[in-house]
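The values are calculated or read from the model by the stated rules, or taken from the named source; none is laboratory data. Only a predicted model underlies this, so the values are computations on that prediction, with no experimental measurement involved. Neighbour counts are summed over all protein chains in view; Cβ atoms, including those assigned to glycine, are modelled from backbone coordinates with ideal geometry.
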Amino acid sequence: MSPRVVGHSLPRMDAPGKVTGTAVYASDFALPGMLHGKLLRSREPHARLVRIDAARARALPGVRAVLTAADVPDVRYGGALKDETVLARDRVRYVGQPVAAVAATTREAAEAALAAIEVVYEPLPAVLDLEAALAPGAPLIHEAWATYAAIPILHREGNVCHRARIVVGDVERGFAEADRIFEHRFRTAMVHQGYTEPRAAVASWDSSGQVTVWSNTQLPFEIQNTLAEILELAPSKIRVIVPGIGGGFGGKLRIGVEHVAALLARRTGRPVRVLTTSEEELTAAYPRQGTRVELRTGVTRAGRITAKEGRIWFDTGAFAGSGPGVASVATLVLAGPYKIPNLLLEGYAVYTNKTNCGSFRAPSGPQANFAVESQMDMIADALGLDPLEFRLQNIVREGDEGPTGQVLAGVGLEECLRRAAAAIGWDDRRPAPGRGKGLACGWWTTTGGSSGVYVKINPDGTVALNTGAAEIGTAALTGAAQVLAEELGVDLADIGVVSADTFATPFDFGAQGSRTAFAVGNACRAAVADLRRQLVGLAAAQLGVPADALELRDKAVVGAGKRVTLAELARLSQASGGGLIAHGTFIAPPTAYDAKRVEAHVYPAFHSPSFHAHAVDLSVDRETGEITLHRYVVAQDVGFAVNPAAIEGQIEGGVAQGLGQALSEELVYAEGRVLNPNLTDYKMPTALDLPRIESILVQHPSAVGPYGAKGVGEPPNIEPPAAVANAVAAAVGVRVTTLPITAEKVALALSGETAP
Ligand code: MOS
């Protein structure tokens, strides 16, 4: 029987509230008597904090609290490495680092208080880029960091806060077998996620010493634990609720302003809201790291890759943040979706005196893929091979090994490449002077982690799905609800969702890593397996039909010509058995890999990997260097399309973000300061800047995902920079090896000068 609910482009459940303006986001959330919290941020990239005087600020009208490091717990927290403090203590390490926090009756009073705090800095030599950080004898950003707590495998040295490595075969032998060896360098700029809603949190303490925090975090359970660490409280005293979230894209994985709101609320005895500004977002959030990449690739004359040596350095800013994880994941991206017998790949996370970088949709993906896929075209050009044919000669196929030895299954890469190329009209790659087409392909993971759901049948036969995951705007919870509706024999409209509350919902690893529909969907299947037993047991007794003759269909249990509705069974259970409810759980099975191939690696395999190919058709103005995009095609192997329209939405959004990184976005630093911390000068594309984006959904099922689904949210963000770079090269013969590919760089290259 063909599925009734999954596989259909049903409207997303969160849409009506969002399009009519009734949805409540964290930044809308308010409580009576609520104060406004604000952060005073460092004006120096690296300095000793000589003195902070808050006396004048504390005396201002409406000011209820001013906190400095002396007033908050002296706790060091963080992910792989605990290097962060709530407020700067003795030293500031980037422009934008929180130095003091105030709470006042109005936002204006809070801003006046910030202006009245006197801070005396004694500037220290600042480490402003990767080269300076890695130079012999560079000043250490964290002198005492050997004493910081960290995960055991963390590799640290100087300003390197992690190095992960993959070693396969012997690259020197592989280079000896090659006819040609190609060496190239690339750079990518720091970019912001550009979520619509800035980070926001409201905190309120009750008389029992319990705090509730309403936040737009992607990870309420992670925030509960981090708050427990910072506030030195048991997690059971901390309730985190996500009322709604206006986009995250990885920028809201780690604690943002929740702890500041909680500390100010504790001090004042009043609820406090902290809401960041665009300027704070663009100077002191968790953007995507700028990188430097070096690739050395050996190839036979016929186009077989024999060896690849690659290194990527992430400028992770003043704190490690996601850096160690991102540096690890990068090595798998550097390998590419290619079969290469000899590999030496390294990812480095490096401290600098910049904002603390983080995770952004497919962390490391666009940076590493830009280098890998640009180089594939550069090699093809040098060997006189067609870039598509060169890729087809080297890509992984069903049953091949990934770089760390995982056995690949459900590999739809060849189909993606062929269909994307056909759709863009690859046969005519340079259709007019100044016009060209480019291709790029890649692979990505479906992040693991566990999910739990409660599924309850209401007395009217509708269904409550209670999940710890937040709907961050991807429609992933609609996808999970479609899986639930399919399995339970009800309609999507019968399902209501309660989500993301650390006290009221089961644990979920969170809305991250392209995992939500996959993992929550599978937890729903597990819950239905339990509910089916309960329902069939009750129905068998009620109908006098043996249980094995019964099935769930059309909002009822049916069999042997008889039928009892879910509503009747729910009421029956409420009268006699406590109601119909089930707890479903899911954890992705581990992916086997060869541990001998990895070193200090925190992410050694891609789970239920997805494969994708992008193709773009564009023109370049030879005079101005301006790029006009004509068409953009994505062929993505999604395993199974639970909701095709929602996936197309993810593809369009991911490509839009990726084109921003490709063409215009960059947080421009000079002397440790962001020069463009506003949405006029930080240039994100709008709908008017984008071409038609066409989606081709390829379906080679995953053995694990619901109905074969794979993670879909992050991948569309990976390939746009490389696809654009390759199309520009095809159009005008200019190869830009740094992101963004601005008109200025293209024009300079066309005029024979080097881009800045
Ligand atoms: Mo994602 S970068 O795991 O939100």
Exactly one of Glu309, Glu294, Glu373 is over 22 Å from Pro740 (Cα atoms) and touching a helix residue (DSSP H, G or I) at 6+ places or on another chain (Cβ under 9 Å), and that one is Glu309
Output the residues belonging to region 327-348 that are among the hydrophobic types (A, V, I, L, M, F, W, C), within 15 Å of the ligand (Cβ to nearest atom) and within 18 Å of Arg156 (Cα to Cα).
-> Ala327, Val329, Ala330
Ala440: passes all of (1) touching a helix residue (DSSP H, G or I) at 6+ places or on another chain (Cβ under 7 Å); (2) farther than 29 Å from Gly169 by Cβ but (2)
Name the residues in region 682-715 that are surrounded by 20 or more Cβ atoms within 10 Å (Cβ to Cβ) and touching a His at 6+ places or on another chain (Cβ under 8 Å), would you?
-> Tyr682, Val704, Pro715
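Go over the candidates Ala320, Ala327 one by one and state the one that is aliphatic (A, V, I, L, M), within 22 Å of Glu671 (Cα to Cα) and assigned by TED's automatic domain parsing to the domain that holds Ala670. Let's see the steps before the verdict.
Details: Ala327 fails: within 22 Å of Glu671 (Cα to Cα).
When all the criteria are applied, what remains is Ala320.
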What are the residues in region 349-361 that are within 16 Å of the ligand (Cβ to nearest atom) and among the polar types (S, T, N, Q), if any?
-> Asn356, Ser359
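Hey, among Lys745, Lys683, which residue is assigned to a loop (DSSP other than H, G, I, E, B) and within 30 Å of Pro433 (Cβ to Cβ)?
Being assigned to a loop (DSSP other than H, G, I, E, B) and within 30 Å of Pro433 (Cβ to Cβ) holds for just one of Lys745, Lys683, which is Lys683.
With respect to Val536, is the statement that it is in contact with a Phe, Trp or Tyr (Cβ under 8 Å, 6 or more places away or on another chain), of a type outside the set (S, T, N, Q) and in a helix (DSSP H, G or I) true?
Values: in contact with a Phe, Trp or Tyr (Cβ under 8 Å, 6 or more places away or on another chain): no; of a type outside the set (S, T, N, Q): yes; in a helix (DSSP H, G or I): yes.
Criteria not met by Val536.
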Could you please let me know if Glu229 is surrounded by fewer than 20 Cβ atoms within 10 Å (Cβ to Cβ), more than 16 Å from the ligand (Cβ to nearest atom) and not in a helix (DSSP H, G or I)?
-> no
So which of Ala519, Ala523 ends up being within 16 Å of the ligand (Cβ to nearest atom), in contact (Cβ under 8 Å) with a residue 12 or more places away in the chain, closer than 24 Å to Trp444 by Cα and touching a helix residue (DSSP H, G or I) at 6+ places or on another chain (Cβ under 9 Å)?
-> Ala519
When Leu629 is run through (1) in a loop (DSSP other than H, G, I, E, B); (2) surrounded by fewer than 24 Cβ atoms within 10 Å (Cβ to Cβ), the failure sits at (1)
Would you call Arg4 crowded, with 18+ Cβ neighbours inside 10 Å, basic (Lys, Arg), over 30 Å from Gly96 (Cβ atoms) and at pLDDT 95 or above?
-> no
Members of region 116-154 found to be part of a helix (DSSP H, G or I) and in contact with a helix residue (DSSP H, G or I) (Cβ under 8 Å, 6 or more places away or on another chain), listed by number = Ala116
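If the requirement is being under 23 Å from Gly660 (Cβ atoms), under 27 Å from the mean Cα position of the chain (by Cα), hydroxyl-bearing (Ser, Thr, Tyr) and within 16 Å of the ligand (Cβ to nearest atom), which of these qualifies: Ser374, Ser364?
Details: Ser374 fails: within 16 Å of the ligand (Cβ to nearest atom).
Just one listed residue meets the conditions, Ser364.
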Single residue of Pro403, Pro431 found to be more than 23 Å from Gly711 (Cα to Cα) and not charged (D, E, K, R) = Pro431
Only residues that are farther than 30 Å from Ala592 by Cβ, among the charged types (D, E, K, R) and touching a Pro at 6+ places or on another chain (Cβ under 9 Å): list them for region 698-756, please.
-> Glu744, Lys745
What residue, of Ala725, Ala687, is assigned by TED's automatic domain parsing to the domain that holds Asn353 and at pLDDT 95 or above?
-> Ala725
Which pairs do you get when a residue that is more than 22 Å from Arg165 (Cβ to Cβ) and modelled with pLDDT of 95 or more, found in region 297-317, comes within reach of a residue that is of a type outside the set (Ser, Thr, Tyr) and in a strand (DSSP E or B), reach meaning Cβ atoms under 6 angstrom, with the pair 6+ apart or on two chains?
-> Val299/Arg180; Val299/Ile305
